Amino acid sequence: MTDHSQSVSELTKAIKNELESLFPFVRVKGEISNCKQHSSGHVYLTLKDTEAQIPAVIWKSVRSRFPLELRDGIEVIAEGRLEVYPPSGRYQLICTSLSGTGEGAQQQALAQLIARLAKAGYFDPGHKKPLPRLPATIGLITSPTGAVIRDMSDVFARRFPSASLLLYPVQVQGEQAVESVVRAIGYFNDPPVPEHRPEVIILARGGGSSEDLQAFNDEAVAEAIFRSAIPVISAIGHETDLTVADMVADLRAGTPSIAAERAVPDREELLRHIDSLAGRQAILMDGKISGAQLQVDSICGSYAFNRPVLMLGQMEERLASLEKESARATSDKLRQREMLFDAAAERLGMLDVRRVLQRGFALVSGKGGYVTSASSLERGDEVGIVFQDGSRRAEIRDGNGS
């Protein structure tokens with residue numbers, strides 16, 4: 001006999017395929033019970049009425065889109081799909097949307113979100129970052145089509161055309177709006193290209209109904225603005241509209257055009273201010289130069305300044321006098337030395353042998369040098385006789401000079 005039974009896994013898989021294909025989307029109203037937030041960030045709860053209950057789960061990635069505070073006892077409308085979880089053999093509702101029921105449910109959820117953010121310090125003035133005075137680059141987060149981007153571009157062109165504009169196009173309403181805006185703020189804070197990091201961010205959209213502006217009342221958008229290291233100007237809707245994004249932003253502008261005006265200075269006003277500063281600087285510089293000239297003139301005319309000049313003149317005169325005296329003394333000394341030299345030369349001349357020879361004397365030289373005594377000569381000795389005009393040789397013929 002053939003066994004046609006199914007395993008538990010096979011049966012569960014068949015039920016899963018059948019059930020999930022029959023209920024790809026459900027919208028159900030019920031009361032929350034057993035609501036628990038897991039450490040992973042997922043929320044597990046039960047939806048019930050008087051006769052039945054359904055397990056439900058809200059994944060962490062989806063929970064941030066629900067401004068409604070979840071707690072036991074409140075009635076909600078959940079949207080999502082049914083899913084069978086084989087390990088426990090149970091089915092559960094995977095929530096993709098959750099909203100309150102009854103009149104004012106949306107306002108109540110918004111009030112709860114605002115209270116929670118206020119308690120966390122999101123609206124504290126001390127957290128507001130100052131705007132740059134002369135931003136070189138401005139990041140725009142808005143829809144690439146429509147009047148908003150055109151109006152802001154016109155304001156920038158008129159007031160401060162030197163600023164570079166970087167547009168990050170986003171969806172400003174609908175299911176993808178929140179994720180789109182959060183991604184844009186994150187991009188400008190940490191761009192892949194350093195030149196794409198602006199000095200200020202403008203988050204803007206035109207007017208619309210409260211439903212149209214709902215993305216800007218989302219906690220994830222508030223978190224992105226609060227964590228932004230770059231100042232954020234929020235301009236959502238009309239001037240009478242106020243969103244959570246406006247409250248968290250570093251500056252709230254009534255309209256996108258006003259946001260553009262607040263982000264940059266007026267070029268004409270800057271030029272006038274520069275001209276005024278230049279004029280003041282010129283006046284101050286002229287005053288300083290005039291004052292310095294007066295000081296120089298005063299110093300130049302003072303005794304203390306001129307005394308060195310006078311002393312220098314006196315010293316120059318004294319030096320000229322000393323030069324003259326030195327020259328005169330040197331000349332006198334030179335003449336004295338010349339006279340002494342002439343006298344000495346005269347005395348030396350009188351001792352000159354040639355002058356003696358000219359008077360008739362002669363010099364006699366023998367073997368040992370000049371002969372000064374006749375007794376030193378003997379007969380037969382040869383001598384040399386030097387006259388004033390020459391010399392002769394002679395021989396001694398007589399005795400020894402006795």
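The values are calculated or read from the model by the stated rules, or taken from the named source; none is laboratory data. This structure is a prediction, so every number in the text was calculated from the model and none was measured. Cβ: placed from backbone, ideal geometry, glycine included. Neighbour counts: every protein chain shown.
Just checking, does region 300-323 include any residue being free of Cβ contacts under 8 Å to residues at least 40 places away in the same chain, assigned to a loop (DSSP other than H, G, I, E, B) and closer than 30 Å to Arg397 by Cα? Break it down stepwise before answering.
Applying the first criterion (free of Cβ contacts under 8 Å to residues at least 40 places away in the same chain) to region 300-323 yields 300-323.
If we keep only those that are assigned to a loop (DSSP other than H, G, I, E, B) too, we end up with 302.
Retained after the next criterion (residues that are closer than 30 Å to Arg397 by Cα): none.
No - not one qualifying residue is present in region 300-323.
One residue is enough: does region 279-298 have a residue meeting the conditions surrounded by 10 or more Cβ atoms within 10 Å (Cβ to Cβ), within 30 Å of Arg159 (Cα to Cα), among the charged types (D, E, K, R) and without any contact (Cβ under 8 Å) to a residue 24 or more places away in the chain? Within region 279-298, one or more residues are surrounded by 10 or more Cβ atoms within 10 Å (Cβ to Cβ), within 30 Å of Arg159 (Cα to Cα), among the charged types (D, E, K, R) and without any contact (Cβ under 8 Å) to a residue 24 or more places away in the chain. Among residues that are over 32 Å from the mean Cα position of the chain (by Cα), of a type outside the set (Val, Ile, Thr) and surrounded by 17 or more Cβ atoms within 10 Å (Cβ to Cβ), Gly237 is included. Of all residues in region 373-391, none that is within 10 Å of Leu357 (Cβ to Cβ) has its Cβ atom under 7 Å from the Cβ atom of a residue that is part of a loop (DSSP other than H, G, I, E, B) and charged (D, E, K, R), 6 or more apart or on another chain.
Of everything in region 143-177 that's part of a loop (DSSP other than H, G, I, E, B) and in contact with a Ser or Thr (Cβ under 8 Å, 6 or more places away or on another chain), which residue is surrounded by the fewest Cβ atoms within 10 Å (Cβ to Cβ)? Full working, then the answer.
Step one: list which residues in region 143-177 are part of a loop (DSSP other than H, G, I, E, B), which gives 143-146, 160-163, 170-176.
Imposing the further condition that a residue be in contact with a Ser or Thr (Cβ under 8 Å, 6 or more places away or on another chain) reduces the set to 163, 170-172.
On the way: Ala163: 20, Val170: 23, Gln171: 15, Val172: 23.
The qualifying residue surrounded by the fewest Cβ atoms within 10 Å (Cβ to Cβ) is Gln171.
Just to be sure before I move on: is Arg397 in a loop (DSSP other than H, G, I, E, B) and either touching a residue at least 12 places away in the same chain (Cβ under 8 Å) or out of contact with any helix residue (DSSP H, G or I) (no Cβ under 8 Å at 6 or more places or on another chain) (or both) in the structure I sent? Yes; evaluated as a whole, the condition is true for this residue. Take the conditions (1) surrounded by fewer than 18 Cβ atoms within 10 Å (Cβ to Cβ); (2) touching a residue at least 12 places away in the same chain (Cβ under 8 Å); (3) assigned by TED's automatic domain parsing to the domain that holds Ser21; Cys95 misses just one of them, which is (1).
Residue check: is Ser180 in contact (Cβ under 8 Å) with a residue 60 or more places away in the chain, hydroxyl-bearing (Ser, Thr, Tyr) and either within 20 Å of Thr255 (Cβ to Cβ) or not in a loop (DSSP other than H, G, I, E, B) (or both)?
Details: in contact (Cβ under 8 Å) with a residue 60 or more places away in the chain: no; hydroxyl-bearing (Ser, Thr, Tyr): yes; either within 20 Å of Thr255 (Cβ to Cβ) or not in a loop (DSSP other than H, G, I, E, B) (or both): yes.
No: the conditions fail for Ser180.
Against the definition (over 56 Å from the mean Cα position of the chain (by Cα) and either surrounded by fewer than 10 Cβ atoms within 10 Å (Cβ to Cβ) or without any contact (Cβ under 8 Å) to a residue 60 or more places away in the chain (or both)), how does Ala327 come out, yes or no? When the stated conditions are applied, Ala327 passes them.
Return the only residue of Ala222, Ala235 being part of a helix (DSSP H, G or I) and out of contact with any Cys (no Cβ under 8 Å at 6 or more places or on another chain). Working first, answer last.
Values: Ala235 fails: part of a helix (DSSP H, G or I).
Answer to the check: Ala222.
Going by the conditions given, is Leu140 touching a residue at least 60 places away in the same chain (Cβ under 8 Å), part of a strand (DSSP E or B) and either β-branched (Val, Ile, Thr) or closer than 30 Å to Ala263 by Cα (or both)? Criteria met by Leu140. Once region 31-77 is narrowed to residues that are of a type in the set (A, V, I, L, M) and in a loop (DSSP other than H, G, I, E, B), the residue that is surrounded by the fewest Cβ atoms within 10 Å (Cβ to Cβ) is Ala52. Every test in (1) surrounded by fewer than 15 Cβ atoms within 10 Å (Cβ to Cβ); (2) within 21 Å of Ser209 (Cα to Cα) is passed by Thr255 save one, and that test is (1).
Please tell me if Asp342 is at pLDDT 80 or above and at negative phi.
Numbers: at pLDDT 80 or above: no; at negative phi: yes.
In short, no.
Tell me, yes or no, whether region 180-196 has at least one residue that is farther than 22 Å from Arg267 by Cα, polar (S, T, N, Q) and surrounded by 15 or more Cβ atoms within 10 Å (Cβ to Cβ). Spell out the reasoning first.
To start, the set of residues in region 180-196 that are farther than 22 Å from Arg267 by Cα comprises 180-196.
Within this subset, residues satisfying the condition of being polar (S, T, N, Q) are 180, 189.
The next check asks that each one be surrounded by 15 or more Cβ atoms within 10 Å (Cβ to Cβ); those that pass are 180, 189.
Yes; the residues of region 180-196 include at least one that is farther than 22 Å from Arg267 by Cα, polar (S, T, N, Q) and surrounded by 15 or more Cβ atoms within 10 Å (Cβ to Cβ).
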